[in-house]
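Each remark here refers to the structure printed beneath this line.
The values are calculated or read from the model by the stated rules, or taken from the named source; none is laboratory data. This structure is a prediction, so every number in the text was calculated from the model and none was measured. No Cβ is skipped: glycine too gets one built from the backbone with ideal geometry, and neighbour counts run over all protein chains shown. All accessible areas refer to the heavy atoms of the entire protein, side chains included, with ligands and DNA or RNA removed. Shrake-Rupley method; radii C 1.70, N 1.55, O 1.52, S 1.80 Å.
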Amino acid sequence: MRSTGIVRRLDEMGRIVLPAELRRTMGLRERENMEIFTEGGAIILKKYSPACIFCEKGTDVILFKGKFICARCLELLRAAQDAPEK
């Protein structure tokens, strides 16, 4: 992790503002969803990217019944559904 040299104060509601230059550098747009992680004593913000609930890959995902699933896992599920029962 490297320091940006940027310091911000939390407001009364616990919010911080990410500077415009940092948002531009990181490719963040207004109202972009952010994911929050913790690691040791650090809080990590990451641009939200949906991932498949089965394989956790973030490419080629669709929303199915409120869950994200990739095309490969969807294909495997369809094949399993079509397979004869033993």
* To do: Measure off, as a whole percent, the carbon and sulfur share of the 1.4 Å-probe accessible area of the chain, all protein chains present.
  => 53 percent
* To do: Relative to the longest principal axis of the C-alpha atoms of the chain, give the angle of the C-alpha long axis of helix 71-82, reported between 0 and 90° and rounded to the nearest 10°.
  => 30 degrees
* Asked: Calculated FRET efficiency, PHE54 and GLU32, Cβ-Cβ r, R0 25 Å, to nearest 0.05?
  -> 0.45
* **Projected area, mean over directions - the chain, Cα convex hull, nm²** => 9.4 nm²
* With a probe of 1.4 Å, find how much accessible area the chain has per residue, and write the answer as a whole number in Å². => 97 Å²
* Counting only pairs 8 or more places apart or on different chains, how many lysine pairs in the chain have C-alpha atoms closer than 25 Å? -> 8
